[in-house]
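Read through the structure below, which is laid out as structure tokens, and then see the notes.
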Amino acid sequence: MFQFISGAFSRSSDANDEASKHRTLGPDHDRLPILIIPGFMSSGLEIEHSPKRPKWKGKRIWLNLKSLGVEHLKHAALTPWEKALNRANRKGTDMGTFDEDEDDTEDQLGTNNSNAPRTASQLRRQQSAKEEAETLRSLRAQQAKIRSDWCQHMLLREDFVSERDGIRVRAIPGLEGVNYLYPGFMTNMITFVFGPLIDFLTAPTKSQKQKRKQQPTEAEAEQSAGAGGGGYQAGVDLQAAPWDWRLPPSELEKRDQYYTRTLEQIETMYKKCDNLPVVLLAHSLGSLVAQYLLQYALERKGQAWIDKHIYAFVPVAGSHRGAPKSIKQTILVGGSIVQNFLNYEEAVLMGRSLGSSPWMFPTQLPPDAPAVAWVHPQGIFQIKLSQPLDVMPLVKERSKFDLPRRYQLQAALGKTTTPEEKKKVRLVSSQFLDTTDNTKSGVDFTTETYCFVTPPHDWKDQEDFTIQLYLREPEWTKNIKSKLKKQPILNTVKGSGLVDLIVFPFGILNTLTLGKSRALAASDPIALKSMNLKSGETRKQTLTFTHLADSGGMSCCTPAAPRQTTVEIEVTWNAFDTSPIPQVCENVAQPHENGVSLTFQNDETGEIYQPLSGHDALHNEGRWGHTYLKTIQKVYRSDPYGPNSISATDPPPVKRVHAIYGTNVPTDIGSFLCRVDECVSKRRQMPIFHLDKSGITLKKPQAQESSPDNVKETYHDYFEVKGPILTDVHTPTHPSGDGTVPYWSLNWVEKWKEPSPNNRVENVTIKELPGAPHREILSDKRFFAEILRYCTKKKEETAVSPRNG
């Protein structure tokens with residue numbers, strides 16, 4: 001087992017002599033210098049300037065868990081408030097609004113005990129419990145604030161390029177920026193990037209001790225990978241070129257002069273290493289960064305410069321034709337590392353602000369690849385307010401102290417003819433809108449759209465449905481609740497706002513819990529039968545909200561005049577749209593015209609899923625999707641270096657390419673999407689489509705037998721449905737990818753063996769590592785052995801010679 005070692009790297013004062021000593025294998029061999037280019041989310045980032053958090057200047061922000069407030073989450077909590085905090089973190093709840101476990105926590109602490117303490121020890125315990133509860137609330141708020149500030153530093157603006165005002169976050173230079181995202185004895189094993197390889201390559205080798213005179217064989221190199229090292233010197237013949245993985249390729253040069261500085265770094269390495277050409281070692285998206293760098297070098301420096309300074313290009317798990325999984329992660333943030341420490345909404349905001357994600361999008365899918373997205377045909381019934389809701393007539397009798405500070409609107413859709421049907425009523429709720437965001441005329445719910453899923457084309461039982469809206473307010477504060485428990489109901493003052501909770505429904509005190517909301521008013525129910533909605537039509541209706549306390553209950557507490565308010569709503573039903581989507585951007589995961597034909601059926605509805613291109617899947621995400629596609633067209637398709645074409649699929653301008661990648665790992669190549677009952681808000685950037693977690697079946701044709709003992713394998717056998725994900729699996733005749741990048745993208749370098757007028761590659765070699773996942777390959781000793789073997793060359797192989805032909 002490989003031992004992870006952390007430590008600082010230092011450069012010798014006599015770098016050239018030291019590099020020569022480490023590099024020398026004998027009179028006939030050289031160890032080639034290596035420049036590492038990391039992949040997506042694999043460069044450490046640090047803060048250069050922050051007006052928001054000046055003390056964060058110079059500190060690592062990616063991936064510094066301490067800056068996220070994780071130091072408050074202890075694995076072995078010693079007190080009830082620590083346990084409650086850990087429960088909150090596991091649930092992924094926003095710690096700034098977390099109330100669900102507060103009652104339970106304080107019950108453990110003794111603060112909810114109705115029996116007052118009678119001894120001095122009980123008083124001390126109660127005081128200690130109160131202090132711990134206050135500490136919990138303070139830490140909870142502190143973590144939420146830290147996490148919010150962290151997001152503000154990492155998020156880019158809507159142009160996917162600009163940072164927030166005054167904030168500068170940049171890649172950490174050198175090997176320190178690519179070894180471990182969060183260096184530490186306990187964190188190295190889970191946040192490693194190139195750290196294991198760096199630790200191995202910079203360790204002394206047996207060959208150095210024994211003064212080996214010949215090139216190690218592949219078997220000897222693999223044995224050395226388990227027992228020895230590579231003998232490289234960090235910062236001299238082993239260097240790295242970290243980059244800000246949030247930016248699109250062209251912006252790396254405009255903002256950071258990344259390609260210019262990297263070419264200068266290569267020239268410096270070449271001189272320090274006795275004029276030996278450099279090996280470009282790139283992982284994942286870093287392979288596309290390296291290819292972009294080579295195209296930049298070809299234009300700025302020329303082919304002769306590349307032949308002199310670059311020995312080979314070594315892509316590791318290279319996504320040459322893209323990775324379909326990247327589209328799913330951009331839309332849904334599913335499986336992204338940021339979900340481990342951010343709540344879902346924060347993760348969505350961060351994932352959708354990145355300008356580098358389209359770099360990983362496939363353009364044209366190969367014939368043997370299915371569509372990257374499959375949508376469940378569904379119709380959508382929508383309810384929307386046409387104007388702000390005036391809530392003052394409902395609460396005008398309350399004192400100023402008891403007026404709600406925020407409100408929530410809830411929409412209900414269902415059949416109410418039988419008790420069984422009433423239990424199936426579907427509810428959709430908005431977020432609470434703070435009164436500070438209210439207009440003068442009321443709470444502005446016009447930004448919220450309440451969506452319900454319906455049959456895709458013919459909503460036959462539409463006439464049986466009824467809609468009703470509920471206005472809700474937050475639950476009481478704890479102080480009010482405790483006061484009510486200590487006094488008789490008859491002592492409650494009419495009109496104080498507290499009486500409403502008692503009269504409707506009676507006994508509600510026994511059912512409410514902290515952290516929940518309560519109904520304040522309800523609209524009149526409206527039967528859809530009266531509207532007779534057709535697809536695409538919108539009907540307007542005026543609703544009257546009546547305070548629930550005025551609808552029944554204790555008549556002695558009911559005001560003489562009912563408390564009511566009115567509002568206009570718009571109701572729309574849209575059938576599943578099969579019309580072509582207007583093209584905003586050229587080819588984004590476009591299925592091949594002669595591609596495989598697959599049929600997927602929903603087990604519950606029987607509907608057949610419709611294939612979508614990556615372009616259409618993004619377009620369906622509304623305003624954000626349209627903006628994102630326009631950015632792809634502007635930033636990527638108009639880039640002269642072709643980030644998704646020339647600098648991705650075309651042969652690079654180097655003599656040698658040696659690809660290393662894992663195979664035969666089930667790989668995500670598509671996802672099943674659906675709409676759900678939810679409130680879509682303009683205030684929040686949340687996905688419109690979601691992963692469809694209902695049962696899905698791949699309909700396979702009946703196997704054709706060529707003989708009793710030989711069943712033909714069809715392309716249907718290459719794919720499996722695992723929940724909402726379509727995976728590519730290996731068979732005896734069909735290899736799969738590395739879990740992230742499909743085989744047809746990893747193996748694209750095979751095409752570079754074919755001669756063409758613009759193909760400058762003279763030698764293409766491939767090393768496949770069965771069972772090596774996309775990220776874990778970087779800690780695989782087989783990978784170490786392959787790098788060591790490939791970078792140890794005879795002197796005549798490293799000499800610069802004129803290009804043949």
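The values are calculated or read from the model by the stated rules, or taken from the named source; none is laboratory data. Predicted model, so just to flag it, every value in this text is computed and none were measured. Neighbour counts run over all protein chains shown; Cβ positions are idealised from the backbone, glycine included. Just the protein is used for accessible areas: all its heavy atoms, side chains included, with ligands, DNA and RNA removed. Shrake-Rupley method; radii C 1.70, N 1.55, O 1.52, S 1.80 Å.
Put simply, the amide H of Val425, placed in the peptide plane, has no neighbours under 5 Å, leaving out anything fewer than 5 places away on its chain. For region 150-203 and region 271-300, write down the distance between their C-alpha centroids in whole Å. The two parts, judged by their Cα centres, are 20 Å apart. In this structure, the pairs whose alpha-carbon distance is over 20 Å, taken from Lys328/Lys693; Lys325/Lys682; Lys384/Lys540; Lys272/Lys308, are Lys325/Lys682. Taking θ as phi - 60° and the Karplus parameters 6.51, -1.76 and 1.60, the scalar couplings of region 566-571 work out to 10, 7, 9, 10, 10, 10 Hz in sequence order, x denoting glycine and proline. Across q = 0.13, 0.17, 0.25 Å⁻¹, region 305-367 modelled as identical point scatterers on its alpha-carbon atoms has Debye log10 I(q)/I(0) values of -0.50, -0.70, -1.03, in the order of the q list. In this rough spin-label picture, where each label sits 7 Å from Cα along the Cβ direction, the Ser597-Arg168 distance is 5.9 nm. Between Ala561 and Asp464, the simple label model (points 7 Å from Cα in the Cβ direction) yields a spacing of 4.3 nm. Here the Karplus curve 6.51 cos²θ - 1.76 cosθ + 1.60, taken at θ = phi - 60°, turns the phi angles of region 573-583 into couplings of 10, 10, 6, 4, 8, 9, 6, x, 8, x, 7 Hz, with x standing for Gly and Pro. Once a ≥ b ≥ c are taken as the square roots of the eigenvalues of the Cα gyration tensor of region 374-471, is the result rounded (a/c under 1.5), prolate (a/b larger than b/c) or oblate (a/b not larger than b/c)? Since a/c reaches 1.5 and a/b is larger than b/c, the shape of region 374-471 is classed as prolate. For Ile331, the accessible surface of its heavy atoms amounts to roughly 10 Å² (probe 1.4 Å, protein chains only, rounded to the nearest 10). Proximity of backbone amide H atoms, modeled 1.01 Å from N, is registered between Lys767 and Ala659, Ile660, Tyr661 at under 5 Å, excluding neighbours fewer than 5 places apart on the same chain. The amide H of Gly39, built 1.01 Å from its N in the peptide plane, has His283, Gly286 as neighbours under 5 Å, considering only residues 5 or more places off or on other chains. Applying a DSSP loop filter and a limit of 15 other Cβ atoms within 10 Å to the trypsin sites (Lys or Arg not before Pro) in region 316-375 leaves nothing.
The gain in end-to-end length when the Thr435 to Gln685 segment is fully stretched comes to 87.9 nm, 0.36 nm per residue minus the alpha carbon separation. Modelled this way, with points 7 Å down the Cα-to-C-beta line, the labels at Gln583 and Tyr715 are 2.2 nm from one another.
Express in nm, to one decimal, how much length is gained between Lys59 and Leu403 on full extension, taking 0.36 nm for each residue of separation and deducting their alpha carbon distance. Don't skip to the answer; put the middle values down first.
Working: separation 344, 0.36 × 344 = 123.84 nm, distance 4.46 nm.
Taking Lys59 through Leu403 to full extension adds about 119.4 nm, to one decimal.
Residue separation times 0.36 nm, minus the C-alpha to C-alpha distance between Ile766 and Ser645: what's the value?
Working: separation 121, 0.36 × 121 = 43.56 nm, distance 2.12 nm.
Once the chain is fully extended between Ile766 and Ser645, it gains 41.4 nm.
For region 729-744, putting each phi into the Karplus relation 6.51 cos²θ - 1.76 cosθ + 1.60 with θ = phi - 60° gives couplings of 10, 8, 10, x, 10, 9, x, 10, x, 10, x, 10, 9, x, 4, 5 Hz, in residue order, rounded to whole numbers and with x for Gly and Pro.
When you count the other C-beta atoms within 10 angstrom of each residue and take the mean per peptide, 37-49, 447-459 line up highest first as 37-49, 447-459.
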